[in-house]
1. Please build a GNM for the chain, connecting alpha carbons under 10 Å apart, and tell me which residue among Thr37, Thr61, Thr47 fluctuates the most.
2. Report the far tail of the P(r) of the stretch 12-61, meaning the percent of Cα-Cα pairs longer than 16 Å.
3. How high is the relative contact order of the chain? Use alpha-carbon pairs under 8 Å, at least six apart in sequence, and give a whole percent.
4. Would you please classify the overall shape of the stretch 1-101 from the alpha carbon gyration tensor, given that a ≥ b ≥ c denote the square roots of the eigenvalues, rounded means a/c under 1.5, and beyond that prolate means a/b larger than b/c while oblate covers the rest?
5. For the chain, with the dipole built from +1 on Lys and Arg beta-carbon atoms and -1 on Asp and Glu ones, taken about the Cα centre, which of Thr178, Val78, Leu66 lies farthest toward the positive end?
6. Hey, got the dipole for the chain? About the Cα centre, +1 on K and R Cβ, -1 on D and E Cβ, debye to the nearest 20?
7. Where in the stretch 56-146 are there GluC sites (Glu not before Pro) that are in a DSSP coil and have at most 16 other Cβ atoms within 10 angstrom of their Cβ?
8. Using a Gaussian network model of the chain whose springs link C-alpha atoms within less than 10 Å, name the residue from Leu174, Leu69, Leu35 with the highest mean-square fluctuation.
Amino acid sequence: VADYIRSQPELSYFAKLLDISHISPRSQSSTSSLLGTYGNFMVFVPTNEAIKTYLDAYYGTDNYLLDTLPESLARKIVNICIIDRGTKVALPTTRISKGYMIEATLSGLHLFFDFGDYGDGTTILVNDEGRVIKENIPTNNGFVNVIDHVIQQRYSTVTGLIRLTDNLKIFSRLLDITSWGDSM
């Protein structure tokens with residue numbers, strides 16, 4: 001995965017973020033080193049333009065310098081894009097269903113997928129805004145998917161995830177009625 005991302009000029013910003021970011025705040029290993037090892041990864045890589053747009057909006061400036069990005073923000077951007085399937089085989093997007101992915105990203109969040117025609121030939125939407133523009137690029141340790149937005153956190157609570165899942169509507173209502181959802 002890491003070698004493929006490095007080989008693509010339109011993904012060079014993400015490659016740099018992989019080198020800057022650590023797997024976790026307690027780790028000295030870069031995320032790039034993780035993606036350069038054996039594994040079963042699904043990665044949703046934002047284009048250079050998507051990262052530039054995100055950083056300019058985040059910092060309220062034009063042409064934010066990527067070299068000055070703090071490691072913590074690089075980690076936040078990168079880790080929400082990577083699903084490590086562990087010993088399970090990496091999935092192509094053709095095997096993903098509408099709704100939340102069971103496996104969490106490296107940041108611990110679950111991505112939401114929607115499918116349809118979005119007017120520009122795009123058929124997959126990640127977390128309501130990231131359109132997959134190139135999908136299922138095979139690598140030795142997983143699949144790379146290129147998207148047109150930096151992935152943002154959709155919902156941060158278990159209750160929020162349950163509330164949005166069609167086959168859990170009754171359970172969601174019970175959580176609200178009993179106030180158990182507040183303690184989750």
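The values are calculated or read from the model by the stated rules, or taken from the named source; none is laboratory data. Everything numeric here is computed off the predicted structure, so don't read it as measured data. FYI the Cβ positions are ideal-geometry reconstructions off the backbone, even for glycines, and counts take in every protein chain you see. Surface accessibility is based on the protein's heavy atoms, side chains included, excluding ligands, DNA and RNA. Shrake-Rupley method; radii C 1.70, N 1.55, O 1.52, S 1.80 Å.
1. Looking only at Thr37, Thr61, Thr47, the largest GNM fluctuation is found for Thr61.
2. Summing the P(r) of the stretch 12-61 above 16 Å gives 50 percent of all pairs.
3. With pairs under 8 Å counted, the relative contact order is 22 percent.
4. prolate
5. Final value for the positive-end residue is Thr178.
6. For the chain, the charge dipole is close to 580 debye.
7. Filter output for the stretch 56-146: Glu103, Glu129.
8. Leu174
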